[in-house]
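Data first, discussion second: the structure below is written as structure tokens.
The values are calculated or read from the model by the stated rules, or taken from the named source; none is laboratory data. Please read these numbers as outputs of a predicted model, since none were measured by experiment. Note: ideal-geometry Cβ built from the backbone for every residue, glycine included; neighbour counts use all protein chains shown.
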């Protein structure tokens, strides 16, 4: 029984994969998870004992929920004002996704350089990055397929990570909603709500999608 209890305790803990603008583990940087909200999401706190100043840019709103398996939770940290951060597609996609979801970090980066890097995402090979870039460029119909693929990839992983699934579902829903595919958008926002049942943004967008689909009673 003691071994079983220890196993359950270990399974219900956070394991972070922290990378920087170079895709490496930044020295002296760790992440702490604070108390959970009613939906089981924890505010993440960055602890930096290394050189320079660091800022957490992913998860986009510094919130994470324990994964449903042994996999790590991706965390991206960059040095404040580091222009090399904009040469990393994954970092740029995280920054742009955060802006689209209403949570931009104080990175100290040049806004013009960020906008230029964001525009280049539309040609990225990675589906999430490409979808985010197209959505940011106000091409939601073009973003739908890429974001659909990105969400499917996250849902099919052996260990599903809520802080990866939720933003992908929200952005996919946004692309569908802005493309006039209201029924499909409502389904996407429902997936986001399953990750965060109390989330007002997902709830409001799902309600909007259902109303525009002529199904307000389905809320």
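Residue-wise test of (1) part of a loop (DSSP other than H, G, I, E, B); (2) modelled with pLDDT of 95 or more; (3) surrounded by 19 or more Cβ atoms within 10 Å (Cβ to Cβ); (4) within 14 Å of the chain's Cα centre (by Cα).
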{"position": "9", "(1), (2), (3), (4)": "no, no, no, no"}
{"position": "51", "(1), (2), (3), (4)": "yes, no, no, no"}
{"position": "91", "(1), (2), (3), (4)": "no, yes, yes, yes"}
{"position": "97", "(1), (2), (3), (4)": "no, yes, yes, yes"}
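Output the residues belonging to the stretch 58-72 that are touching a helix residue (DSSP H, G or I) at 6+ places or on another chain (Cβ under 9 Å) and within 20 Å of residue 196 (Cα to Cα).
If the condition is that a residue be touching a helix residue (DSSP H, G or I) at 6+ places or on another chain (Cβ under 9 Å) and within 20 Å of residue 196 (Cα to Cα), then 58, 59, 60, 61, 63, 64, 65, 66, 67, 68, 69 are the ones that fit.
Within the set of pairs 6 or more residues apart or between chains, which connect a residue that is free of Cβ contacts under 8 Å to residues at least 60 places away in the same chain and at positive phi inside the stretch 137-158 to a residue that is surrounded by 15 or more Cβ atoms within 10 Å (Cβ to Cβ) and assigned to a helix (DSSP H, G or I) with Cβ atoms less than 9 Å apart?
Partner pairs satisfying both residue conditions: 138/178.
In the stretch 38-49, which residue that is part of a loop (DSSP other than H, G, I, E, B) and at pLDDT 90 or above is farthest from residue 83 (Cα to Cα)?
Only one residue tops the list, namely 38.
Considering only the stretch 56-76, state which residues are in contact with a strand residue (DSSP E or B) (Cβ under 6 Å, 6 or more places away or on another chain), closer than 17 Å to residue 95 by Cβ and surrounded by fewer than 22 Cβ atoms within 10 Å (Cβ to Cβ).
Within the stretch 56-76, 56, 62, 63, 74 meet the criteria.
Residue by residue through the stretch 14-37, note down the ones that are part of a loop (DSSP other than H, G, I, E, B) and either exposed (fewer than 10 other Cβ atoms within 10 Å of the Cβ) or at pLDDT below 80 (or both).
24
When you scan the stretch 113-164, how many residues do you find that are over 15 Å from the mean Cα position of the chain (by Cα), surrounded by fewer than 18 Cβ atoms within 10 Å (Cβ to Cβ) and not in a helix (DSSP H, G or I)?
Qualifying residue count, the stretch 113-164: 7.
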